[in-house]
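A short write-up of the structure that comes next.
The values are calculated or read from the model by the stated rules, or taken from the named source; none is laboratory data. These numbers were taken from a predicted model, which means no experiment stands behind them. Positions of Cβ are backbone-derived with ideal geometry, glycine not excepted, and every protein chain shown enters the neighbour counts. In case anyone asks, the SASA skips ligands and DNA or RNA and just uses the protein heavy atoms, side chains included. Shrake-Rupley method; radii C 1.70, N 1.55, O 1.52, S 1.80 Å.
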Amino acid sequence: MKVNIYPDYKTLSRSTADLINSYISAKKDSLVCLASGHTPRGVFDCLIDDVTSKGLDLTHCTFVGLDEWVGIPAHTKGSCRAMMDEDFFHPLQIPKDRIEFFNGMASDLNAEVDRINNLIAAHGGLDIMLVGIGTNGHIAMNEPGTSFETLAHISMLADETKEVGQKYFATSTQLNSGVTLGLKHFREAKLPILMANGEKKAAIIQKTLTTLPVESLPSSVIHLIDHGFVMIDQAAVK
């Protein structure tokens, strides 16, 4: 893996966007997975600027959702899909037929998992997978104890994830499980990027970078990915 440290969030976001831009410019029909949430918003802003300035063409890309809360409708503020719509898909007017997202309200979640796994396999794997990191080391909704060989699956959420997840919702919301891409997807992505910023992530970043790969710390999977990138700001390594 390659660890890149930047002086601030703005520089971190721009540099991460440049990695993505460079890959897509070379492979215009990329299959792209971008995390929702607060961490990647700066990256989204940079990519939107790139598209607006004609420096990036996304018209042939397909976007795959990273994860979704089970039991939360896609249009609900706080859902992963709603965040991606607001922060990225809608500003760029990405057509719905180029977005594949987990349906957290599906009556058959196993069929949803199979659908996304089959989609990714049909494309020969993900081209780009940008993820954040939870304070317990989770990547997407892969909680501690998740196998490094796991593809998309249904995940029971850790208590910490349930609590932190409340920040995305206007009112207290019951969160028990999610559907998520797996750590094997991250390992097999052509451009896997782990991004973190801020002092709140400093402890888990230190633990991640100094711990040998162990499934009790999902983020430590990055040590198994020679071509992976860890993109962090100075505050996250303070």
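Antiparallel DSSP bridges in the chain: what percent, to the nearest 5?
Numbers: 9 of 32 bridges.
Bridges in the chain that DSSP calls antiparallel: roughly 30 percent.
Ranking Thr161, Thr52 by solvent-accessible area of protein heavy atoms (1.4 Å probe, all protein chains present), from largest to smallest, gives Thr52, Thr161. Shape of region 69-112 from the C-alpha gyration tensor: oblate (a/c of 1.5 or more and a/b not above b/c, with a ≥ b ≥ c the square roots of its eigenvalues). As a fraction of the 1.4 Å probe accessible area of region 29-114, surface on carbon and sulfur atoms comes out at 48 percent. Rolling a 1.4 Å probe across all protein chains gives Asp29 an accessible area of roughly 90 Å². Extending 7 Å from the Cα toward the beta-carbon at both Arg41 and Glu149 defines two label points whose distance is 4.0 nm.
Considering only protein heavy atoms and a probe of 1.4 Å, how much of the accessible area of region 129-238 is carbon and sulfur, as a whole percent? The partial results should precede the final answer.
Values: 2400 of 4620 Å².
The nonpolar share, carbon plus sulfur, comes to 52 percent.
For the chain, the 222 nm mean residue ellipticity estimated from helices alone, with every DSSP H stretch of n ≥ 4 adding -39500 (n - 2.57) and the total spread over all residues, rounds to -9000 deg cm²/dmol.
Size descriptors for the chain: radius of gyration and Dmax over Cα atoms are 16.4, 46 Å.
Per residue, how big is the convex hull around the C-alpha atoms of region 124-166? Give it to me in cubic angstrom, could you? List each step's numbers first, then the result.
Working: hull volume 3.9 nm³, N = 43.
Given the Cα convex hull of region 124-166, per-residue volume reads 91 Å³.
Once the C-beta distance of Asn4 and Thr173 is scaled by a Förster radius of 41 Å, the resulting FRET efficiency is 0.70 to the nearest 0.05. Once the 1.4 Å probe is applied to the protein heavy atoms, region 155-200 comes out at 47 Å² accessible per residue. Taking Lys and Arg as +1 and Asp and Glu as -1, the other residues whose beta-carbon sits under 13 Å from that of Ala121 total -1. Sorting Phe101, Phe88 by solvent-accessible area of protein heavy atoms yields Phe101, Phe88, largest first, with a 1.4 Å probe.
Length gained on full extension, Lys207 to Ala111: 31.0 nm, using 0.36 nm per residue less the C-alpha separation. Mean 1/r over all different Cα pairs, inverted: what Kirkwood radius does region 31-76 give, in Å? Its Kirkwood hydrodynamic radius stands at 12.4 Å.
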